[in-house]
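S.K.: Sharing a structure, written as structure tokens. Questions coming.
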Amino acid sequence: MQLIACPWCGPREEVEFSYGGQAGVPYPADPAVLSDEQWAHYVFFRDNPKGRFAERWNHSAGCRRWFTAIRDTATYRFERVSRLDDPKPVT
Amino acid sequence: MSSPFRTASGGRIDRTTTIEFTFDGQTLPGHPGDTLASALLANGRHQVATSTKLGRPRGIAAAWAEDPGGLVQVEEPFPEPMLLATTLELHEGLVARGLPGQGRLADVPDSARYDAVHHHVDVLVVGAGPAGLAAALSAARSGARVALVDEQSEAGGSLLSGTDQLDGVAAPAWVAAAVAELSRHPEVLHLQRTTAFGSYDDGFVLALERRTDHLGAEAPKNVSRQRVWRIRARSIVIATGAHERPVVFTDNDRPGVMLAGAARTFLHRYGVLPGREAVVFTTNDSAYDAALDLSRAGVRVQAVVDARPAGSPQRREECERAGIRVLSGAVVTGTHGVERVTHALVAPFVDGEVGAGSAIACDLLLVSGGWNPAVHLFSQARGRLRYDETLGAFLPGEQVEGLSVAGSAAGVLDLAGCLADGRRVARAALSHLAIEPGADDRLPTAPEPAVPAAPLVLWRVPDTSGAHGGSQFVDLQRDATVADIARAVGAGLRSIEHIKRYTTIGTAHDQGKTSGVLTSGITAELLGIPVQDTGTTTFRPPYTPVAFAALAGRDRGSLFDPERTTALHEWHVAAGAVFEDVGQWKRPRYYPEPGEDMETAVLRECAAARTGVGILDGSTLGKIDVQGPDAAVLLDRLYTNLISSLKVGSVRYGVMCGVDGMVIDDGTVLRLAEDRFLVLTTTGGAARILDWMEEWVQTEWPELRVHCTSVTEQWVTFPVVGPRSRDVIGAVFPQVDVSTEAFPFMTWRDTTLDGVPVRLARISFSGELAFEVYVNPWYAVPVWQRLLEAGRPYGITPYGTETMHVLRAEKGYPIIGQDTDGTVTPHDLGMAWAVSKKKPDFVGKRSFARPANQDPLRKQLVGLLPVDRQTVLPEGSQIVEFRADGQLPPPPVPMLGHVTSSYRSAELARPFALALVKGGRERIGDTVHVPVHGILVPVEVTGPVLVDPEGARRDG
């Protein structure tokens, strides 16, 4: 069982966390002006890289805060975690 | 009773106490300190069972967890299948039998306790043999927080199986001193009978401690039988030793064929002679120790058969001094005997060719093909292995952070080397953790290691029997042979993982402890490729089998999945309610009166609510308090309808969708103040909807000044439902004007009852005049009783979830998650009225404009009335349609949709259902069919609202 470093609580066991998919997919400013395809990309399409990936995580059984993590999908290593009000992390 | 194969003295057993046990119906003596295996051997018994597939006799072939032969079923003190005789500590009253296949689980509940402990350390040392003890001492002396776990009954590992001296005393005496020193360090946890069975990420190790198994019937009831230690270590030292590797030859599975090192263990540790006449077959120097020790103990060693052309000159000399014949450049090609080996067939072995042989009489055939480091925990943690040509074994092949391997687990095979390696590795771990080593961190003086003759890597002896490896056993537990591997290779398999699955080698109880590396070697030989390229199969936890009961620990029943009960639970129980599980909640389903079944009880409860007054415990309804200047903004964005226009004191029904436009929850919203709302969710949606709100507030709209918190458990909720509900509420709360004019539908009022704050709301989930009563759970029982008291003149009837469902279904109110499935929009539910056209955006709105949402053939919520007025359609039933000619279309018959809710209605005096049907609203008035138990039942499609469609009853 991995340890995940919650940026608010510190390292905690992975069972306390839930996964929220790719980070940096903002809700569109004006969905009404999007084409069906553009909207479908927001709703359904996500990257699936092998390697570094910016992800949303939630410390759901702890402080219930969402945060961003840079994780390597090949090794499962968490390379960095950041709070949502930190500058946007770069993969 | 005496045991014929027990030595006159020696061993670590307590000879002053004799205990009796029963094996295969025979009562036998043993001593404390014995395992079942050593006690059986002491009584001359090698065979334990017959093999699963072929029924061949099998016996004890090793002295610990790597034994593939000695599987037993324990019958007493408590039935447990698939235990190893070699790891089962003997105790008074043990009843066991050999297991020729599947075992038997107890048919009574296990009354033993199992538990778990979390533990955090700087250094975890696994294994208390020479390397592990040296590592633990070194770590402990630094003052670090240390855990030492070892799976045997006492520390020492291989030191208990030999004759070595450390610091000038017998090794076990040094072990005792080391253990005593460890116990003086306050930060050291030392656990014996504790198997580290899995190593995972970030220094996490699971270990199983067998706390009372060895005590048998004497086990105290207040101590857990087994305990799972969940150890998080900053650094792990794996000192798990090595398993001796057999050599495969024809008929190598007979009882009496045993690993050479195991025979030494039985002799020195348990005071048992595993036979009278032995042949020793080896490819390396280590088996000579067994030959010499057994000879000294009185076993006639007929021959040491050394496959190496020149053998071991130094060891040959020692053997000759002891009168033991050494045959170099020779192999064992087969055996005679059925239930016990009687002869070893020995033949010259030159350049891989077997010559003409002869039979040597023996009742014990010891084998050594070298040593396989026990790399399981290292490999489980994804450490890569490398093949060592000299040892013919896989060793840790890389550095894994936080994990190091010491001693024979790392391929160090001499005692002094293991001690030094243990200390070296522990010190490296300490240095990595920036912990200074202790002052007096000395190693014991150990015997100067002899320089061994190079071992020979020999996986199998060529089969001269003509059976083509058909009785050359690789995996004894699976009855899998060299012929099976050849068949797999012949079928074109090359990957060791495929060969494992094709032959089943390594998939039995022992998970390939002796057979795994042999399979890699033999496969490589058959394919003509290097062993390194074959590799090993993946090592997975657990290292040895772990009972599910131990893994579950205390997390069983309501400690695993908590039971939530409302403040009225005791009342419901006393009232004879039948409960149902709704998520974790226990909710009354109905309250049967004497002689009633569910159907009659529910019809009675429904009739009461529609004609008089009923009362429900609705406390499980999810409640979220949403506060802040931007509370209305948030709710406008999350609900499909407009919430911000709601007046303080009023209530509105709302629907929430996901971004895909599908309904995720519904409920009512009470505006408590300009900046405060009480959001009611479905019982099942309470946690999910709070999370959903949090997610949007935290990740998308952090600028909103709003906070959401669960108040589900801060309020109990009692809907008082029916035409007489106004009389009841009016009687209990005389200061409240309950007239329609003063207290209209979809409004709420705060009041008090004997000074206790109470909130009343005109909300109806039944279509009837209804008042919901909200109060602090502390006052739940008296308030409920006041309402019952006031309702008595009107026959107030408590009702459960089943009646609640019938009443709402009669009105066409969907239950999200029952009448919907994540593909249903508000429009599909006929709730276009709940979707705001004024708001520029809300979550899900954009998806409503997709072409798929405009499809007239989308499934829509409708009502169904079985034409026969009899059949209650099973929920989930499919709906089909006849062709114009009155026949079913040819298969596959198109499905129009399915039944989502179905009940018998007191009000309608017939059964009815809700269903999702393709283009359903266009079909109202049509007759379609529902197959029920092979009969096609005709049903009329109706609108979803079957009772009071004009809504005349809501004000009473």
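The values are calculated or read from the model by the stated rules, or taken from the named source; none is laboratory data. Here the structure is a predicted model, which is why all the values come from computation and not from measurement. All Cβ positions, even for glycine, are placed from backbone atoms using ideal geometry, and neighbour counts span all protein chains on display. SASA here: full protein model, heavy atoms, side chains in, ligands and nucleic acids out. Shrake-Rupley method; radii C 1.70, N 1.55, O 1.52, S 1.80 Å.
S.K.: What tally of residues in the stretch B:186-201 results from selecting those that are within 14 Å of another protein chain (Cβ to nearest Cβ) and either within 20 Å of B:Thr87 (Cβ to Cβ) or not in a loop (DSSP other than H, G, I, E, B) (or both)? Can you show your working first?
M.R.: At the first step, the residues of the stretch B:186-201 found to be within 14 Å of another protein chain (Cβ to nearest Cβ) are B:198-201.
The next check asks that each one be either within 20 Å of B:Thr87 (Cβ to Cβ) or not in a loop (DSSP other than H, G, I, E, B) (or both); those that pass are B:198-199, B:201.
So the count comes out to 3.
S.K.: Mind listing whichever residues of the stretch A:27-42 are within 10 Å of chain B (Cβ to nearest Cβ), open to solvent by less than 90 Å² (accessible area, probe 1.4 Å) and not in a helix (DSSP H, G or I)?
M.R.: Within the stretch A:27-42, A:Tyr27, A:Pro28, A:Asp30, A:Leu34 meet the criteria.
S.K.: Tell me whether the stretch B:528-536 contains one or more residues that are in contact with an Asp or Glu (Cβ under 9 Å, 6 or more places away or on another chain), in a loop (DSSP other than H, G, I, E, B) and surrounded by fewer than 17 Cβ atoms within 10 Å (Cβ to Cβ).
M.R.: yes
S.K.: If you don't mind, another one. Please go through the stretch B:275-300 and give me each residue that is within 15 Å of B:Phe5 (Cα to Cα) and part of a strand (DSSP E or B), ordered by number.
M.R.: B:Glu277, B:Ala278, B:Arg300
S.K.: State whether one or more residues within the stretch B:231-240 are surrounded by 21 or more Cβ atoms within 10 Å (Cβ to Cβ) and within 30 Å of B:Val332 (Cβ to Cβ). If you could, list the steps in order and put the result at the bottom.
M.R.: Of the residues in the stretch B:231-240, the ones surrounded by 21 or more Cβ atoms within 10 Å (Cβ to Cβ) are B:231, B:233, B:235-240.
Checking which are within 30 Å of B:Val332 (Cβ to Cβ) leaves us with B:240.
Yes, there is a match, as at least one residue in the stretch B:231-240 is surrounded by 21 or more Cβ atoms within 10 Å (Cβ to Cβ) and within 30 Å of B:Val332 (Cβ to Cβ).
S.K.: Only one of these conditions is not met by B:Val843: (1) open to solvent by 60 Å² or more (accessible area, probe 1.4 Å); (2) aliphatic (A, V, I, L, M); (3) under 17 Å from B:Val663 (Cβ atoms). Which number is it?
M.R.: Only one criterion is unmet by B:Val843, namely (1).
S.K.: Further, regarding this structure: Examine the stretch B:202-217 for a residue that is within 14 Å of chain A (Cβ to nearest Cβ) and open to solvent by 20 Å² or more (accessible area, probe 1.4 Å), and state whether such a residue exists.
M.R.: Within the stretch B:202-217 (the criterion being within 14 Å of chain A (Cβ to nearest Cβ) and open to solvent by 20 Å² or more (accessible area, probe 1.4 Å)), the answer is yes, since at least one residue qualifies.
S.K.: Another one. Name the one entry in B:Leu642, B:Leu638, B:Leu621 that is open to solvent by less than 20 Å² (accessible area, probe 1.4 Å) and not small (Gly, Ala, Ser). Step through it out loud before you land on a result.
M.R.: On the way: B:Leu642 fails: open to solvent by less than 20 Å² (accessible area, probe 1.4 Å); B:Leu621 fails: open to solvent by less than 20 Å² (accessible area, probe 1.4 Å).
From the options B:Leu642, B:Leu638, B:Leu621, the qualifying one is B:Leu638.
S.K.: While we're looking at this one, here's another question. Tell me the residue from B:Arg245, B:Arg232, B:Arg227, B:Arg145 that is on the phi < 0 side of the Ramachandran plot, modelled with pLDDT of 95 or more and within 14 Å of chain A (Cβ to nearest Cβ), please.
M.R.: Numbers: B:Arg245 fails: within 14 Å of chain A (Cβ to nearest Cβ); B:Arg227 fails: within 14 Å of chain A (Cβ to nearest Cβ); B:Arg145 fails: within 14 Å of chain A (Cβ to nearest Cβ).
Going through B:Arg245, B:Arg232, B:Arg227, B:Arg145 in turn, just one is on the phi < 0 side of the Ramachandran plot, modelled with pLDDT of 95 or more and within 14 Å of chain A (Cβ to nearest Cβ): B:Arg232.
S.K.: Another one. When you go through B:Ala952, B:Ala909, B:Ala913 one by one, which is the residue that is on the phi > 0 side of the Ramachandran plot and aliphatic (A, V, I, L, M)? Please lay out each step first, then the result.
M.R.: Working: B:Ala952 fails: on the phi > 0 side of the Ramachandran plot; B:Ala913 fails: on the phi > 0 side of the Ramachandran plot.
Only one candidate passes the filter, namely B:Ala909.
S.K.: Still on this structure, please answer the following. Can you go through B:Val736, B:Val773 and tell me which one is in contact with a Gly (Cβ under 8 Å, 6 or more places away or on another chain), at negative phi and either part of a strand (DSSP E or B) or of a type in the set (A, V, I, L, M, F, W, C) (or both)? Walk me through how you get there before you give the answer.
M.R.: On the way: B:Val773 fails: in contact with a Gly (Cβ under 8 Å, 6 or more places away or on another chain).
Every option except B:Val736 fails the conditions.
S.K.: In addition: Those residues that are under 30 Å from B:Arg850 (Cα atoms), more than 12 Å from chain B (Cβ to nearest Cβ) and either open to solvent by 80 Å² or more (accessible area, probe 1.4 Å) or of a type in the set (Val, Ile, Thr) (or both), I need them from the stretch A:43-91; list them, please.
M.R.: A:Phe45, A:Arg46, A:Asp47, A:Asn48
S.K.: Here's a check for you: in the stretch B:820-840, which residue that is within 13 Å of chain A (Cβ to nearest Cβ) and open to solvent by 40 Å² or more (accessible area, probe 1.4 Å) is farthest from B:Ser877 (Cα to Cα)?
M.R.: At the first step, the residues of the stretch B:820-840 found to be within 13 Å of chain A (Cβ to nearest Cβ) are B:837, B:839-840.
Narrowing the set further to residues that are open to solvent by 40 Å² or more (accessible area, probe 1.4 Å) leaves B:837, B:840.
Numbers: B:Lys837: 36, B:Pro840: 40 Å.
In this case the residue turns out to be B:Pro840.
S.K.: Just name the residue that is most open to solvent (accessible area, probe 1.4 Å) out of those in the stretch A:14-24 that are within 16 Å of A:Trp66 (Cβ to Cβ) and more than 10 Å from chain B (Cβ to nearest Cβ).
M.R.: Only one residue tops the list, namely A:Tyr19.
S.K.: Report, by residue number, each residue of the stretch B:754-770 that is assigned to a loop (DSSP other than H, G, I, E, B) and open to solvent by less than 10 Å² (accessible area, probe 1.4 Å). Outline the logic, then answer.
M.R.: The initial filter retains those residues of the stretch B:754-770 that are assigned to a loop (DSSP other than H, G, I, E, B), namely B:754-755, B:762-769.
Those that are assigned to a loop (DSSP other than H, G, I, E, B) and open to solvent by less than 10 Å² (accessible area, probe 1.4 Å): B:Arg762, B:Ser766, B:Gly767, B:Glu768, B:Leu769.
S.K.: Name the residue, out of B:Arg564, B:Arg540, that is under 34 Å from the mean Cα position of the chain (by Cα), open to solvent by 50 Å² or more (accessible area, probe 1.4 Å) and within 23 Å of B:Val716 (Cα to Cα). Talk me through it step by step, then tell me what you get.
M.R.: On the way: B:Arg540 fails: within 23 Å of B:Val716 (Cα to Cα).
None of the other options fit; the residue is B:Arg564.
S.K.: Inspect all residues belonging to the stretch B:683-690 and state whether any of them is over 28 Å from B:Ser766 (Cβ atoms), of a type outside the set (A, V, I, L, M) and away from every other protein chain (no Cβ under 14 Å).
M.R.: Keep residues of the stretch B:683-690 that are over 28 Å from B:Ser766 (Cβ atoms), which gives none.
No, because not a single residue in the stretch B:683-690 is over 28 Å from B:Ser766 (Cβ atoms), of a type outside the set (A, V, I, L, M) and away from every other protein chain (no Cβ under 14 Å).
S.K.: Hey, which of the strands (runs of 3 or more DSSP E) in the stretch B:320-432, taking only ones fully inside, have at least 1 residues that are surrounded by fewer than 17 Cβ atoms within 10 Å (Cβ to Cβ) and outside the structural domain of B:Ser515 (by the TED database)? Write out each step before concluding.
M.R.: Details: elements: B:326-328, B:330-336, B:343-350, B:358-361, B:364-368, B:371-373, B:385-388, B:393-396, B:403-405.
Correct list: B:330-336, B:343-350, B:358-361, B:385-388.
S.K.: Another question, then. Across the stretch B:622-667, what is the total count of residues that are more than 26 Å from B:Thr751 (Cβ to Cβ) and either β-branched (Val, Ile, Thr) or not assigned by the TED database to the domain that holds B:Thr681 (or both)?
M.R.: So the answer is 6.
S.K.: Which residue out of B:Asp421, B:Asp463 is more than 30 Å from B:Ala144 (Cα to Cα) and not small (Gly, Ala, Ser)?
M.R.: Working: B:Asp421 fails: more than 30 Å from B:Ala144 (Cα to Cα).
B:Asp463 is the lone residue from the list that is more than 30 Å from B:Ala144 (Cα to Cα) and not small (Gly, Ala, Ser).
S.K.: Go through the stretch B:900-926 and report how many residues are open to solvent by 50 Å² or more (accessible area, probe 1.4 Å) and among the aliphatic types (A, V, I, L, M).
M.R.: 2
S.K.: Only one of B:Gly817, B:Gly863 is away from every other protein chain (no Cβ under 14 Å), in a loop (DSSP other than H, G, I, E, B) and out of contact with any helix residue (DSSP H, G or I) (no Cβ under 7 Å at 6 or more places or on another chain). Can you tell me which? Give the derivation first.
M.R.: Numbers: B:Gly863 fails: in a loop (DSSP other than H, G, I, E, B).
That would be B:Gly817, the only listed residue that is away from every other protein chain (no Cβ under 14 Å), in a loop (DSSP other than H, G, I, E, B) and out of contact with any helix residue (DSSP H, G or I) (no Cβ under 7 Å at 6 or more places or on another chain).
S.K.: Considering the stretch B:907-950 alone, what residues qualify as being in a strand (DSSP E or B), of a type in the set (D, E, K, R) and in contact with a Gly (Cβ under 6 Å, 6 or more places away or on another chain)?
M.R.: As a first pass, look at the stretch B:907-950 and keep what is in a strand (DSSP E or B): B:910-918, B:927-932, B:935-942.
Within this subset, residues satisfying the condition of being of a type in the set (D, E, K, R) are B:910, B:918, B:940.
If the condition is that a residue be in a strand (DSSP E or B), of a type in the set (D, E, K, R) and in contact with a Gly (Cβ under 6 Å, 6 or more places away or on another chain), then B:Lys918 is the only one that fits.
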